[in-house]
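The values are calculated or read from the model by the stated rules, or taken from the named source; none is laboratory data. These numbers were taken from a predicted model, which means no experiment stands behind them. Neighbour counts run over all protein chains shown; Cβ positions are idealised from the backbone, glycine included.
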Amino acid sequence: MQPNRLKQGGRIDRSRALSFRFNGKSYEGYTGDTLASALLANGVSLVSRSFKLHRPRGIVGAGAEEPNAILQIGRGASTLPTQRATQVELYDGLEARSTKGWPSLRFDIAAFNDLVSPLLAAGFYYKTFMRPQALWPWYERFIRAAAGFGLAPREPDPDRYEHRNAHCDVLIAGAGPAGLIAALVAARSGARVIIADEQNEFGGSLLSASQTIDAEPATAWIEATTAELDALDNVTMLTRSTVFGYYDHNFVAIVERCTDHIGEDVAGVRQRLWRVRAKQVVLAQGAFERPLVFCNNDRPGVMLASAVSCYIHRYAVCPGKRAVVFTNNDSAYRTAIDLRAAGASVVIIDSRAEGAGALADAARADGITMLPGHIVTDVSGRRHVSGVRVAQWNGDVTSTVQNTINIDCDLVAVSGGWSPAVHLHSQSGGKNAWSDDLHCFVPAEYAQANVSAGAGNGKWSLQDCLQDGLDAGIEVIARCGIEAADVTLPLAVEVASRPLEPLWRVPAATDPDRCPKQFVDFQIDTSVADIRLAVREGYRNVEHVKRYTALGFGTDQGKLGNINGMAILAECLGEDIASVGTTAFRPAYTPVTFGVGAAENVGDLFEPVRKTAIHASHEAAGAPFEVVGQWHRPWYFPQGDEDLHTSVARECLATRKSVGMMDASTLGKIDARGPDVVEFLRRIYTHDVGKMKVGRCAYGIMLGEDGMVMDDGVIARVAERQFYLTTTTGGAAPVLAWLERWLQTEWPELEVYLTSLTEHYATIVVAGPNSRRVLQDIGCNIDLERDSFAFMSVRDAELAGIAVTLFRVSFSGELAFEINIDSRNALKMWQLVADAGAKFDITPYGTETMHVLRAEKGFVIVGQDTDGSVTPVDLRLQWLLSKDKDFLGKRSLSRTDCVRSDRKQLVGLLSEDGKTVLPEGTQLVDDPGAAIPVPMCGHVTSSYYSACLGRPIAMALVATGHSRRDEIIFASLADGSAVPVRIVSPVFYDPEGERQND
Amino acid sequence: MFLIQCPWCGERAETEFSYGGEAGIVRPLEPDALSDAEWADYLFNRTNLRGAYKELWNHAQGCRRWFGVERDTVTYKIEGSYELPSGRAGKGA
Amino acid sequence: MTESTVQVCVLDDVGHINLRGDRHSVDFITAVESVIGQSLPVAANTMSEKEHRVFWIGPDEWLITTVADNTLGLLADLDKKLASHHAAVNDVSGGNIELRLSGKNVRDVLAKGCTLDFHEIVFGPGTCAQSGLAKAAVLFGFVEAPHTFDIIVRRSFSDYLLRWLANAGCEYGIEFR
């Protein structure tokens, strides 16, 4: 039983009934319905409560402009909030709920807000909840509970979403008459075309009208045109696809709803985000009808005239039996005629003294009563309109009306004129200009490669839209350098019309500040009185008034209310609308799900996991991984049920006593060569690379031009004019880009080529007193003894017949070798080392042990012990600074700030109790008893328990630290306690370096 | 998202590039001869223009070349890209 | 069961050589071409194909891919021939993974994760380009008409990229060989 469903007509399939539930109650609709049309067919007029005042609200529009019917759709993890019932296609089993109204829609406790609404005027929240500040969290809880348009699901999203990049010559937003004909000319001309429309089928406004094109129903022209486009390979047609964002350089975002209309739990991609780079864009999204502003104009049953026509034509639903049509222009006369044809009685109230043009004759012929020169001033009925008050219109908006008459009705169809949907034009950076002829903002200045066409460009008649669309198509094709194909302009029948007379608000029986509410923005409950209050309180700028009254702040971005609001503001300010201007529109045009924004970038595809060539072995060994940048590095290698602490202690002791091995493949590696490579590296590194002998390595640091340590690593001179540089793991890419930058921009005369070898070589560190014997046992073709392969040397060699490059460098302070090997052989070499080391109990160790071993030696990690504000002098690395040459950052080291005596400097710290492992990041203070805020003198950068030393050790940056050796300061812990710590040298182990030189 | 013309690879999406700040900042030949203020000027001060601005970009996910771009900082319109001249005269200006 | 319209194959018999040198030097180009026996592409985004595949990857940088067993020999020949030039020849075989994608929906899969235009009129024979695919930097090369592409990606990203491809290609019944 669908009381408002017409017997025939509409683009619905009566043979396919669908059942759905709204607020727990079951209803029936048809395939082809939207949720809104099905609700109206069933006579459901109350669909929500308003945002602030909780007034009962009904469906107003038929498309993206709908301010009231914002519903929660679906169940469980797939549910979608903030859905406009007017754009939700009906499917069998659909479940929808109102998002406002508690405990039920009909008995909304918060509707009390409406009774106290004088207290809830514009700025109420700002004024009321500001003081006392301490109560804000309490206020916030209630405001949040009372606000919002639905709930996000709490479960993980079970649906599939994806992104898709696309390129085209011409993108057309909107497939109404203008968009379709623009697409036709572009497509026939051979351009690559994408045409997108938010509705389930192409045709736009023509789907809701009874107009003819070339003496045929307009739908025939749509079918022929879409069939031709469909047959062309160079055209991509996207239905259910909203062009929601227009970004820089013609980058346009479209969301395609692939399965939402079928139901939930549907296989395949639910929504697709199209990221389109278009050479040219045609904006043909049409126009929105404006409501009229009178008392209680928000009552359910007050609808846009065009929406009423749409429901009748497209969905065979007539939302009322006794209709009043209130208008200031001709277009609503078509609605009156449509209503009459659908069997309703109709009275037209036209504010214009002379009424309409030729359409008035047609209305009269249909037996429609017309009251020109009249206005609707108020509405009776609370949950549904039951009548209107009508008065004669004297043309003076500041007057109060008298001598009103009552007309009973169950539907009020209103039209205050039309506003082009300039949203995307505005997003593109284009300017809009007020047209005194059309009484609306129209696209004026273009900022990007686009053109507006059709109703979106202020063309109201079908013939004008077709002409404008054709012109736009030809224009953009020409801009693409393509010759336009022939397209004949179709002919539409037009009737003579009389122009609109602006009517931005309707006077009431009392002054606008005391009369029943006259709503401007339905979704956000902004009324005429609110705008007037804002002006009285001193707001003049449209952007400020917007924020104070929340006008246009809803999820609909004020698609219905904005223009009326601007005009009323202009009236209050005594200015014209053009000088008040309009606010900027921003993406998204209609709300977009987080799901489609994230798409596949969730779970294990959220961030790339970079794996070394030896990763599989670490995984098999059961090592937990530490995330370093995008790399996953083995953190420690637990045996049995060891935890981090015991595992690391064992790994450290084994390495110091016998031998350990680790995967250091993530270090950055750069081949640098060329005639000028020495000169180049002299400028980059702080020490004098020119003094290095072939076959030798050096520890090197590079500084930013500000003198701060940027990166460090080993430099090996492998040939006279060839070096092998290593960087930190995180520095691999940035350092290469940094070096290239200097070569390409500042020193292009230097002949140097850099090649990244980071991924080509895997690096296996073998460290500990027995490391040499392990390599010898594998079978090495070179003499590894100290006399022939000294500390800080590099040599090409073969291990078990496999080519490697051996570095005698040490980050652990032990005798150590770094094996650089083609990544393809790395896993094999890792196993060879493990096998040969078995008799020495070789122990694989991870990043944590590596950190402890280096901290025991006082070696810094750039990015951990430094933070971009630390100079080499702060680190006591003066010995690395060449006095004989310039290098990047050198001049900065003598800036006043860099030679301050109270700079934070690197020191070692020992907890006086010999037990406390200080948390990294702990703040250090001289006097924990000092008045709050306690002055801080430094912070802990590295801190570990050292199994070798049997006590915790730490490194820290402490003000004037270098000259405070043996002083006691305090570590301020999170629990409020202060631990005394002694400042010591950061080199805790083997200060003479005898072990690594062995 | 910008569409940036790499002088070699052609027009590519902004995501392929990294930004290098103002172009034409020339490193002083003799830093030691400069006062702290003069050095700080080289180090920190940028014109930060409103309007046409010459800046450096690096085609990080492409040919790894640094190049110049003239971009309007108000409209974001890119007037053009250019190779950095080779030799000391270049200076990225 | 979806019919597979995208196939991915990890090439394991390939060697990669990174070459840098002066494109303005006729001597350099002649020297290289005499070793590789084919032209060195100097136009951006192009590649030459004969015994080896030579990708333009920068105005002074190329990637030569060849059969794995040839790599060291080719490397030595280039080193020798270019000894007197300012040039850099590096074996990067260990650092790259090369994937071959074929099937009629390859371009659709690539478009899901890359901002390049893969339309046939844009990306056809002789074309290569570096860009990003999902969150990995890659080099694309057009290998064979109509839709066969090679993707060269850094080794550490290959696992991620294969998983991304498996996800993006599932609607096309993507197969890994």
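Checking each residue in the range A:802-829 for being away from every other protein chain (no Cβ under 14 Å) and not β-branched (Val, Ile, Thr) picks out A:Leu806, A:Phe807, A:Arg808, A:Ser810, A:Phe811, A:Ser812, A:Gly813, A:Glu814, A:Leu815, A:Ala816, A:Phe817, A:Glu818. The single condition among (1) surrounded by fewer than 19 Cβ atoms within 10 Å (Cβ to Cβ); (2) not assigned by TED's automatic domain parsing to the domain that holds C:Leu165 that C:Leu40 does not satisfy is (1). Within the range B:26-41, the set of residues being more than 8 Å from chain A (Cβ to nearest Cβ) and either in a helix (DSSP H, G or I) or in contact with a strand residue (DSSP E or B) (Cβ under 9 Å, 6 or more places away or on another chain) (or both) comprises B:Ala33, B:Ala37, B:Glu38, B:Asp41. Remark: pairs (first residue in the range A:336-350, within 15 Å of A:Gly387 (Cα to Cα) and free of Cβ contacts under 8 Å to residues at least 40 places away in the same chain; second residue polar (S, T, N, Q) and surrounded by fewer than 24 Cβ atoms within 10 Å (Cβ to Cβ); Cβ separation under 8 Å; 6+ apart in sequence or on different chains) = A:Val346/A:Thr369; A:Ile348/A:Thr369.
When the range C:115-139 is filtered for residues that are touching a Phe, Trp or Tyr at 6+ places or on another chain (Cβ under 8 Å) and in a loop (DSSP other than H, G, I, E, B), the ones remaining, listed by number, are C:Leu116, C:Asp117, C:Phe123, C:Gly124, C:Pro125, C:Gly126, C:Ala134, C:Lys135. Mind checking which residues of the range A:462-493 are crowded, with 17+ Cβ neighbours inside 10 Å, without any contact (Cβ under 8 Å) to a residue 40 or more places away in the chain, more than 36 Å from the chain's Cα centre (by Cα) and farther than 18 Å from A:Val422 by Cβ? Result: A:Gln463, A:Gln467.
Against the conditions (1) within 14 Å of chain C (Cβ to nearest Cβ); (2) in a helix (DSSP H, G or I); (3) aliphatic (A, V, I, L, M), A:Val774 satisfies every one except (1). Could you please find all residues in the range A:230-271 being within 14 Å of chain B (Cβ to nearest Cβ) and in contact with a helix residue (DSSP H, G or I) (Cβ under 6 Å, 6 or more places away or on another chain)? The one that is within 14 Å of chain B (Cβ to nearest Cβ) and in contact with a helix residue (DSSP H, G or I) (Cβ under 6 Å, 6 or more places away or on another chain): A:Tyr246. So is B:Ala33 surrounded by 14 or more Cβ atoms within 10 Å (Cβ to Cβ), over 30 Å from C:Asp60 (Cα atoms) and at pLDDT 95 or above or not? Considered against the rule, which asks whether it is surrounded by 14 or more Cβ atoms within 10 Å (Cβ to Cβ), over 30 Å from C:Asp60 (Cα atoms) and at pLDDT 95 or above, B:Ala33 comes out as no.
So for the range A:492-504 (the condition being within 30 Å of A:Arg277 (Cα to Cα) and assigned to a loop (DSSP other than H, G, I, E, B)), does at least one residue qualify? Checking the range A:492-504: not a single residue is within 30 Å of A:Arg277 (Cα to Cα) and assigned to a loop (DSSP other than H, G, I, E, B). Across the range A:881-909, the qualifying residues are those that are away from chain B (no Cβ under 14 Å) and either surrounded by fewer than 19 Cβ atoms within 10 Å (Cβ to Cβ) or part of a loop (DSSP other than H, G, I, E, B) (or both), and the one among them that is modelled with the lowest pLDDT is A:Ser901.
Would you mind stating whether A:Ala613 is at pLDDT 95 or above and at the interface with chain C (Cβ under 10 Å from one of its Cβ atoms)? When the stated conditions are applied, A:Ala613 passes them. For the range A:664-683, enumerate the residues that are more than 12 Å from every other protein chain (Cβ to nearest Cβ) and among the acidic types (Asp, Glu). Answer for the range A:664-683, where residues must be more than 12 Å from every other protein chain (Cβ to nearest Cβ) and among the acidic types (Asp, Glu): just A:Glu679. When restricted to residues that are surrounded by fewer than 20 Cβ atoms within 10 Å (Cβ to Cβ) and within 15 Å of A:Val412 (Cβ to Cβ), the range A:361-376 contains 1.
Of the helices (runs of 4 or more DSSP H) lying entirely inside the range A:530-647, those containing at least 2 residues that are without any contact (Cβ under 8 Å) to a residue 40 or more places away in the chain and over 30 Å from A:Gly63 (Cβ atoms) span A:615-620.
Of the candidates A:Glu818, A:Glu798, the single residue that is touching a residue at least 60 places away in the same chain (Cβ under 8 Å) and of a type in the set (D, E, K, R) is A:Glu818. Kindly indicate whether any position in the range A:855-865 is touching a helix residue (DSSP H, G or I) at 6+ places or on another chain (Cβ under 8 Å), surrounded by fewer than 23 Cβ atoms within 10 Å (Cβ to Cβ) and not in a loop (DSSP other than H, G, I, E, B). No - not one qualifying residue is present in the range A:855-865. Which condition breaks for A:Tyr761 when tested against (1) crowded, with 24+ Cβ neighbours inside 10 Å; (2) under 30 Å from B:Leu29 (Cα atoms)? With respect to (1) crowded, with 24+ Cβ neighbours inside 10 Å; (2) under 30 Å from B:Leu29 (Cα atoms), A:Tyr761 is out only on (2).
Of all residues in the range A:845-854 being in contact with an Asp or Glu (Cβ under 8 Å, 6 or more places away or on another chain) and surrounded by fewer than 24 Cβ atoms within 10 Å (Cβ to Cβ), which is farthest from A:Asp712 (Cα to Cα)? Per the criteria, the residue is A:Glu848. Screening A:Trp221 with (1) outside any helix (DSSP H, G or I); (2) more than 24 Å from the chain's Cα centre (by Cα) gives one miss only, at (1).
With the structure loaded, tell me whether A:Glu751 is within 14 Å of chain C (Cβ to nearest Cβ) and modelled with pLDDT of 95 or more or whether it fails that test. Spelling it out, A:Glu751 is indeed within 14 Å of chain C (Cβ to nearest Cβ) and modelled with pLDDT of 95 or more. Report yes if C:Ala68 is facing chain A (nearest Cβ under 10 Å), surrounded by fewer than 18 Cβ atoms within 10 Å (Cβ to Cβ), touching a residue at least 12 places away in the same chain (Cβ under 8 Å) and not aromatic (Phe, Trp, Tyr), otherwise no. Spelling it out, C:Ala68 is indeed facing chain A (nearest Cβ under 10 Å), surrounded by fewer than 18 Cβ atoms within 10 Å (Cβ to Cβ), touching a residue at least 12 places away in the same chain (Cβ under 8 Å) and not aromatic (Phe, Trp, Tyr).
Test B:Gly62 against the stated conditions and say whether it is part of a loop (DSSP other than H, G, I, E, B), closer than 16 Å to C:Leu116 by Cα and not basic (Lys, Arg). Yes: the conditions hold for B:Gly62.
For the range C:138-177, name all the residues that are within 16 Å of the chain's Cα centre (by Cα) and at the interface with chain A (Cβ under 9 Å from one of its Cβ atoms). If the condition is that a residue be within 16 Å of the chain's Cα centre (by Cα) and at the interface with chain A (Cβ under 9 Å from one of its Cβ atoms), then C:Arg154, C:Arg155, C:Phe157, C:Ser158, C:Leu161 are the ones that fit. Residues in the range B:1-22 that are within 10 Å of chain A (Cβ to nearest Cβ) and closer than 19 Å to A:Gly889 by Cα: B:Gly20 only. Quick one: in the range B:55-76, of everything that is surrounded by fewer than 16 Cβ atoms within 10 Å (Cβ to Cβ) and either in contact (Cβ under 8 Å) with a residue 60 or more places away in the chain or among the charged types (D, E, K, R) (or both), which residue is farthest from the other protein chains (Cβ to nearest Cβ)? Only one residue tops the list, namely B:Glu70.
Yes/no per residue for (1) within 13 Å of chain B (Cβ to nearest Cβ); (2) part of a loop (DSSP other than H, G, I, E, B):
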site: C:His24; (1), (2): yes, yes
site: C:Thr30; (1), (2): no, no
site: C:Glu33; (1), (2): no, no
site: C:Ala44; (1), (2): yes, yes
site: C:Ser48; (1), (2): no, no
site: C:Phe55; (1), (2): yes, no
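Condition (residue is away from chain B (no Cβ under 14 Å) and in a helix (DSSP H, G or I)) applied to the range A:870-878: is it met by at least one residue? Checked the range A:870-878: at least one residue is away from chain B (no Cβ under 14 Å) and in a helix (DSSP H, G or I).
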